[in-house]
Amino acid sequence: MATEGLTELEDEAWRGFLMSHERIWRQIEADLAPFGVSSTEYSVLALLGEAGRRGIRLSELAEQRMMSTAGLSRLADRLEQRGLVERCRVATDGRGYELTLTPAGRSLLRKAWKQQRAGIRRLFLDKLSDDQLRALAGAWESLAEPDSGES
């Protein structure tokens, strides 16, 4: 039976997205557990890895990760205490902070990326045809546009 206000197809698509997301997310979390990082922490480390040795401003990283600056700052505190990231004042204006990976952070990221890549392939990519992947990529592009009610 469809959710009130949704057609059967809409309900099937919505519930399928929610169930698949939850199942895949839980398994990815479990795959990352031996490295001592959550998927949120891993995603921040991965963005820092992409930024390279120059690092990235905390506010920019929060925006890319779709987190509040305060929330990302607390997460950065935890990663810094574990020796995975380093925080320093932005040289150009001295007001903000930049985060960079430490050698330990880069090492953990390299190891965790192998596990993450294998999990993405096993749980998601290998289960879809190229046509299905193209259709999903198009759907995600449509959904990436901010809604007029979003802030």
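The values are calculated or read from the model by the stated rules, or taken from the named source; none is laboratory data. Not measured: the values here are computed from a predicted model. For neighbour counting, all protein chains shown are included, and Cβ atoms are generated from backbone atoms with ideal geometry for every residue, glycine included.
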Testing residue 29 on (1) under 18 Å from residue 140 (Cβ atoms); (2) under 13 Å from the mean Cα position of the chain (by Cα), one condition comes back false. Which one is that? (1)
By residue number, the members of the range 78-125 that are aliphatic (A, V, I, L, M) and closer than 14 Å to residue 42 by Cβ are 79, 84, 85, 101, 108, 109, 112, 118, 120
So, of the residues in the range 93-151 that are at pLDDT 90 or above and of a type in the set (Phe, Trp, Tyr), which turns out to be surrounded by the fewest Cβ atoms within 10 Å (Cβ to Cβ)? 140
Output the number of the condition that residue 100 fails; it satisfies all remaining conditions of (1) among the β-branched types (Val, Ile, Thr); (2) assigned to a strand (DSSP E or B); (3) out of contact with any helix residue (DSSP H, G or I) (no Cβ under 9 Å at 6 or more places or on another chain). (3)
Could you list, in sequence order, all residues of the range 7-26 that are surrounded by 11 or more Cβ atoms within 10 Å (Cβ to Cβ) and either over 17 Å from residue 124 (Cβ atoms) or of a type outside the set (Phe, Trp, Tyr) (or both)? 10, 11, 12, 13, 14, 15, 20, 23, 24, 26
Please go through the range 1-48 and pick out each residue that is out of contact with any Lys or Arg (no Cβ under 7 Å at 6 or more places or on another chain) and among the polar types (S, T, N, Q). 3, 7, 20, 27, 38, 39, 40
Could you go through the range 55-73 and let me know if any residue there is in contact (Cβ under 8 Å) with a residue 40 or more places away in the chain, assigned to a helix (DSSP H, G or I) and under 12 Å from residue 105 (Cβ atoms). no
